[in-house]
Amino acid sequence: MSVVEDTQTLRAGTIGDSPARPDGISKVQGGYAFSSDLSADGCLFGATLRSPYPYARIVSIDQSAAWKISGVEAVITADDVPGQLTYGLISQDQPVFASDVVRYVGEPVAAVAALDPETARRALDAIVVEYDERSPLLDPETAIAEGHELIHPDGNLIRHQRIVHGNPDASGAVVVEGTYEIGMQDQAFLGLEAAIAYPDPGADGVELHLATQWLHEDQGQIAACLGVSDDKVRLVLGGVGGAFGAREDISLQVHTCLLALRLGRPVRMAYSRAESFLGHVHRHPATIWMRHHADAAGTLVNVEARFVFDGGAYASTSSAVLVNGITMAQGPYACPNGQVDGYAVRTNHLPCGAMRGFGAVQACFAYESQMDKLADACGLEPQEIRVRNAMRTGDTLLTGQPVMNVAPVEECIRETAALPLPDEPVGGAPLGDGSPNVMKLPGGAGRTADTRDIVRGIGWGVSIKNLMYSETFDDYSTARCRLTDGVVTLKFATAEVGQGFITIAGQIARTVLGVDEVVLDQIDTGVGSAGSTSASRQTWMSGGAVDAACRAARERLFEAVGRSYGIEPVRFMIDGTDVIDTAGDLRIPVSEASAGLEIEETVEYHHPETEDLDELGQGNCHTAFAFVAHRAVVDVDPELGLVKVIQIATAQDVGNALNPLSVVGQIEGGIAQGLGLAVMEEIIQIDGVIRNGNFTDYLLPTFLDMPPVLTTLIEQPDPHAPLGAKGVGEPPCISSTPAVVAAIRDALRQAGIEKPLNRVPVRPADICL
Amino acid sequence: MNNELFTLRVNGIDYEVSDSWLGESLLDVLRDRIGLMGSKGACTQGECGSCSVMVDDVLVCSCLVMGASAIDQNIITIEGVAPVGTPSDVQQAFVDAGAVQCGFCTPGLVMAVHDLLKRRGRPTETEIREELAGNVCRCTGYGRIVDAVERVSVQRRGNSQEESS
């Protein structure tokens with residue numbers, strides 16, 4: 001909160017303004033190079049052979065026919081991995097190539113490089129793999145039951161964690177209970193996985209240009225598998241077409257580098273949409289049982305819960321997703337007692353890991369459904385019970401951790417409630433002939449819904465999200481600031497995935513250093529790690545690093561000016577674009593003050609240390625928290641099971657909106673993904689085989705599915721955040737999902753129909769059958 | 001795989017395509033044979049609209065059009081909308097309104113919005129949403145894109161009123 005006070009009136013391009021994205025014009029004109037647009041003279045094309053079975057032993061792999069195809073330059077398998085044979089974000093349990101056993105449909109078995117993509121695909125077809133099929137393990141409860149075969153040397157249980165807090169046997173006058181299920185959601189970024197690897201001369205190192213969320217983590221994992229030191233693997237961020245968690249894990253990185261190093265030529269790999277569904281981790285499906293105890297007035301007494309997350313075949317970040325889920329079991333509500341049991345387990349489903357909301361999404365659907373049940377049982381309105389229990393700064397989680405951040409939960413609810421409800425009737429304002437606008441009806445142009453049958457419902461969702469990494473992880477960020485002749489050059493490895501960090505980085509530099517021109521250096525591993533673009537952390541962490549680097553440069557500038565004018569540096573401050581002496585008359589433009597200077601400062605920003613959870617799930621494991629409320633209005637055709645979301649209203653705890661337009665963009669985009677999970681999006685696997693791995697069958701919200709969003713930003717700068725600004729990316733997609741489902745339940749109730757709707761996405765059959 | 005020789009007129013320039021295989025999509029020909037990388041591919045099923053281009057004034061998903069079938073037609077891609085560094089009103093409005101995040105859907109959307117505003121000068125919000133429903137954006141939730149379209153619509157009406165007065 002120190003930068004903001006320097007700004008008395010808002011100068012264009014500084015903090016609080018919403019300047020244009022620096023990459024905006026090149027993106028709208030089609031000139032921006034995404035990683036899938038990168039190529040090089042003489043480059044080869046890689047492709048991956050994947051398992052067709054969810055669980056099988058590999059008997060043999062015969063490459064001979066592939067080698068005979070003209071234009072095939074390399075065929076590689078696990079035998080060709082020179083370093084570590086496995087990788088993984090938390091535990092290294094996932095093979096670069098399966099060698100003895102395949103554990104999910106789509107697991108890589110071999111890769112090829114050829115002169116063109118079609119030849120590469122033919123080479124894949126020519127590789128003969130003999131499998132001995134096994135019965136796949138598909139039920140998470142079976143996976144953790146005693147005595148079941150272990151499908152991985154690390155076991156079927158990825159992590160078990162309990163939380164016991166206060167008096168776990170406490171009860172109250174009102175008890176409600178339910179079991180909730182969340183389906184597997186795909187991040188469905190539009191820019192498919194793609195990378196190009198350039199081998200160094202002599203092929204002892206490699207430079208990889210790729211779309212990722214965390215350059216340095218990839219660097220370490222790739223180097224380990226290549227069997228080289230980290231400095232032999234240099235990563236450059238290619239244009240990233242969205243991420244949402246799906247680029248936090250390794251997909252094609254190691255394969256591309258292996259092929260390039262083997263051949264001594266650049267190699268390009270690019271996934272198709274079908275391959276992308278197999279090639280990255282997804283949101284964990286989960287089954288969550290909860291029992292809430294409250295007194296007659298609706299005040300929470302105790303929360304009991306049991307979580308089972310299906311991690312799929314490999315661990316990825318499952319253990320961290322589990323901890324997020326179980327530690328958020330109470331939601332954004334004060335509760336003195338609790339008992340939670342959580343399991344992340346291994347099955348032969350697609351591997352699951354990070355997706356926007358990361359465990360908090362699953363928990364929220366359960367606890368918000370419970371809060372509605374509690375409201376019903378206590379005779380309270382949905383927002384009343386939420387206000388009554390709203391968490392405040394200083395309240396503790398069930399882990400015993402006090403929430404020390406700004407916690408405006410009640411304000412979020414009240415400000416959301418203050419936003420107007422839709423003023424149009426079902427079907428919108430009648431057209432000239434008095435008929436409804438079918439595009440505003442559930443079912444849309446299909447004209448399947450009749451206005452008379454449609455009921456409108458309203459539902460609420462409120463949530464808490466932890467920001468940054470947890471459980472002792474030091475996810476620091478690094479930034480370098482160079483100041484010379486009034487121009488700032490910033491260098492960082494922060495993955496710009498579309499969220500707009502590159503915009504606010506410039507805003508921070510302009511504000512702190514009083515410059516207008518900010519140059520952004522290439523985003524690569526040529527500077528220290530920035531940590532991952534995930535966990536709503538880059539505004540706080542990399543924003544904090546850029547702020548700190550700019551402040552350090554500013555100190556050097558003040559020292560230089562002080563030497564020139566014989567003034568103590570502490571007397572200087574930046575006023576607009578000038579350096580001024582606060583105890584005298586000196587005022588010189590920063591451009592003049594920095595003329596001929598070459599100031600360069602590199603700073604690491606670390607958040608305070610966090611703790612591990614103990615056996616009873618107690619410990620200050622999280623770094624910081626943010627909150628949000630959502631209210632959804634939906635129109636439902638109960639007979640046909642059709643839903644149209646009419647409006648979403650939200651008030652979000654953002655701390656300090658560094659770039660209000662970007663914040664709104666994150667909020668609206670996140671809500672679209674929450675709506676998708678509520679009523680549209682699910683990866684369907686039958687017997688371990690994905691059945692809808694394409695955009696015809698995996699349904700994404702379109703313009704017509706998304707309603708107008710009304711937004712209020714709750715701006716209470718957080719004293720713990722370097723710029724007062726909380727991360728804003730994840731909260732929008734967390735409680736928007738239960739809000740939509742609650743609105744559907746409300747609509748059905750008005751039609752005299754009671755449906756539990758305890759599973760998302762809600763399908764038409766869940767409503768009408 | 002027979003290589004076929006044909007000529008495509010893209011953004012007013014004739015490109016001789018000599019290394020395409022018969023049946024290759026217009027999207028792949030534009031990107032991999034001609035080298036115009038502005039059109040994007042994200043689904044190859046005509047579901048997402050990232051590859052939208054104009055073929056003889058008709059908005060199409062170039063992933064669903066056979067490249068060799070587009071001969072003797074005027075193809076306009078995102079690169080042909082406006083000169084580099086001089087964005088069109090739609091392009092500028094996308095930047096100003098915050099309609100761009102990752103930007104992968106943007107070239108296709110810019111094509112679709114130009115087409116929409118040529119056909120309907122004053123689209124309602126519902127019409128905008130209906131017309132653009134073939135273009136998927138995963139980042140923005142569409143609100144800022146609708147705003148960008150409305151900005152251009154208002155701006156063009158203002159311009160035409162000035163011209164007529």
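Read the figures in this text as sums done on the coordinates, not as results from a lab. Owing to the predicted nature of the structure, the values given are computational and were not obtained by experimental measurement. Cβ sites come from the backbone with ideal geometry, for glycine too, and all protein chains shown count toward neighbours.
With point charges of +1 on the Cβ of Lys and Arg and -1 on the Cβ of Asp and Glu, referenced to the Cα centre of region B:1-70, which listed residue (B:L64, B:S20, B:L5) lies farthest in the positive direction of the dipole?
Projecting each Cα onto the dipole axis, the largest value belongs to B:L64.
Take every DSSP beta bridge with both residues inside the protein assembly as shown and express the antiparallel ones as a percent of the total, to the nearest 5.
Around 75 percent antiparallel, to the nearest 5.
Test of understanding: in a Gaussian network model of chain B with alpha carbons linked when under 10 Å, which of B:R31, B:R119, B:R129 would top the mean-square fluctuation ranking?
B:R119
At 7 Å along Cα-to-Cβ for each site, give me the label-to-label distance between A:M404 and A:D687 in nm.
In this crude label model, A:M404 to A:D687 measures out at 5.5 nm.
Tell me, what ³J(HN,Hα) does each residue in region A:370-386 have, in order and in whole Hz, if you take phi through Karplus 6.51 cos²θ - 1.76 cosθ + 1.60 with θ = phi - 60° and put x for Gly and Pro?
Once θ is set to phi - 60°, the couplings for region A:370-386 become 5, 4, 5, 4, 5, 4, 4, 5, 9, x, 10, 6, x, 6, 5, 5, 6 Hz.
Relative contact order (percent) for chain A, with alpha-carbon contacts under 8 angstrom and 6 or more residues of separation?
Rounded, it is 16 percent for chain A.
Within a Cβ distance under 10 Å of A:L190, other residues only, what is the Lys/Arg minus Asp/Glu net charge?
Residues near A:L190 contribute +3 overall.
Could you work out the per residue convex hull volume over the alpha carbons of the protein assembly as shown, in cubic angstrom?
About 179 Å³ per residue, rounded to a whole number.
With +1 on each Lys and Arg Cβ and -1 on each Asp and Glu Cβ, how big is the dipole of region B:89-159 about its Cα centre, in debye rounded to the nearest 20?
That gives region B:89-159 a dipole magnitude of about 120 debye.
Just grab the label-to-label distance for A:V519 and A:E118, each label 7 Å out from Cα along the Cβ direction, in nm (one decimal).
4.5 nm
Using each residue's phi in region A:308-318, evaluate 6.51 cos²θ - 1.76 cosθ + 1.60 at θ = phi - 60° and report the 3J(HN,Hα) Karplus result to the nearest Hz, with x for Gly and Pro.
Couplings: 10, 9, 8, x, x, 6, 10, 6, 6, 9, 3 Hz.
FRET efficiency for A:L419 and A:L616, Cβ-Cβ distance as r, R0 = 51 Å, nearest 0.05?
That pair, A:L419 with A:L616, gives E of 0.80.
Pairs of lysines 8 or more apart, or on different chains, with alpha carbons under 25 Å: count those in chain A, would you?
Within chain A, the lysine pair count is 10.
Going by Cα centres, region A:249-263 and region A:95-149 are how many Å apart?
First find each Cα centre; the distance between them is then 18 Å.
Extension gain A:V164-A:A583, at 0.36 nm per residue separation less the Cα-Cα distance, in nm?
145.1 nm
Non-local amide H neighbours of B:Q73 (under 5 Å, H modeled in plane, Pro and chain starts lacking H): which ones?
Residues meeting the amide H criterion: B:R9.
Along the charge dipole of the protein assembly as shown, which of A:A297, A:T14, A:P436 sits closest to the positive end, that is, farthest toward it, with unit charges on the beta carbon of Lys, Arg, Asp and Glu (+1, +1, -1, -1)?
With unit charges placed on the Cβ atoms, the residue in question is A:P436.
For region A:424-438, what does the Karplus curve 6.51 cos²θ - 1.76 cosθ + 1.60, with θ = phi - 60°, yield as ³J(HN,Hα) per residue in whole Hz, taken in order and with x for Gly and Pro?
Values, residue by residue: 8, x, 3, x, x, 4, x, 6, x, 8, x, 7, x, 7, 4 Hz.
Whose amide H sits under 5 Å from the amide H of A:N620, counting only residues 5 or more places off or on another chain, with H placed in the peptide plane?
A:E611
Could you work out the local net charge near A:D169, counting Lys and Arg as +1, Asp and Glu as -1, over the other residues with Cβ closer than 14 Å to its Cβ?
Combined, the nearby Lys, Arg, Asp and Glu give 0.
Going by amide H atoms built from the backbone, whose H comes under 5 Å of the H on A:D116, apart from near neighbours?
A:F45
Using the crude model of +1 on Lys and Arg Cβ and -1 on Asp and Glu Cβ, and no other charge, please compute the dipole size for region B:3-80 relative to its Cα centre, in debye to 20.
The dipole of region B:3-80 has a size of about 200 debye.
Which value in deg cm²/dmol, rounded to the nearest 500, describes the helix-derived mean residue ellipticity at 222 nm for chain A, given -39,500 (n - 2.57) per DSSP H run of n ≥ 4 and division by the residue count?
-7500 deg cm²/dmol
Roughly how many whole Å is it from the C-alpha centroid of region A:482-508 to that of region B:55-91?
If you average the Cα positions of each part, the centres end up 34 Å apart.
Between A:M573 and A:T179, with labels modelled 7 Å along Cα→Cβ, what's the label distance in nm to one decimal, could you check?
6.2 nm
What is the magnitude of the charge dipole of chain A about its Cα centre, with +1 placed on the Cβ of each Lys and Arg, -1 on the Cβ of each Asp and Glu, and no other charges, expressed in debye to the nearest 20?
It comes to approximately 1000 debye.
Taking the Cα centre of chain B as the origin and placing charges on Cβ (Lys, Arg +1; Asp, Glu -1), which of B:S88, B:M54, B:I75 is farthest toward the positive end of the dipole?
Result: B:S88.
Residues with beta-carbon under 14 Å from that of A:V28, excluding A:V28: net charge, scoring Lys, Arg +1 and Asp, Glu -1?
+1
Please give the Cα centre distance for region A:23-53 versus region A:387-414, rounded to the nearest Å.
44 Å
Counting only C-alpha contacts under 8 Å and six or more residues apart, can you give the relative contact order of chain B as a whole percent?
22 percent
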